[in-house]
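First comes the structure, then the notes that go with it.
Any read-out appearing in this document is the output of simple, stated calculations on the displayed coordinates, not a laboratory observation. Only a predicted model underlies this, so the values are computations on that prediction, with no experimental measurement involved. As a convention, Cβ positions derive from the backbone with ideal geometry for all residues, glycine included, and neighbour counts pool all protein chains shown.
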Amino acid sequence: MDTQETIKQQVTAHPVVLYMKGTPEFPQCGFSANAVKILNVCGVNNLFTVDVLTNPEIRQGIKEYSNWPTIPQLYINGEFIGGSDIVTEMFQSGELQKLL
């Protein structure tokens, strides 16, 4: 399976997917830590994460898949939601909670 197929399988097989730097327990950047914190506050307990630091093909491939240059990237029900700033704005407005 090539990288794009792997990513497609990941985002469609899990209801909530976060491509991040590090892990939820040990995020490796502030933006990833922020996204995990918000999802935890929203009560997401079925979060599927992918540490892009351990997989360079996924790290580059996810940017191409979403046409979005930065990480973290959040997907809900197979749909790209956005990065840390968008997730924060959606959380503050209550829109993210409705999606989840």
For region 1-37, which positions are out of contact with any strand residue (DSSP E or B) (no Cβ under 8 Å at 6 or more places or on another chain) and charged (D, E, K, R)? ASP2, GLU5, LYS8, GLU25, LYS37
Check region 78-98 and report whether any residue there is under 23 Å from THR6 (Cβ atoms) and surrounded by fewer than 17 Cβ atoms within 10 Å (Cβ to Cβ). yes
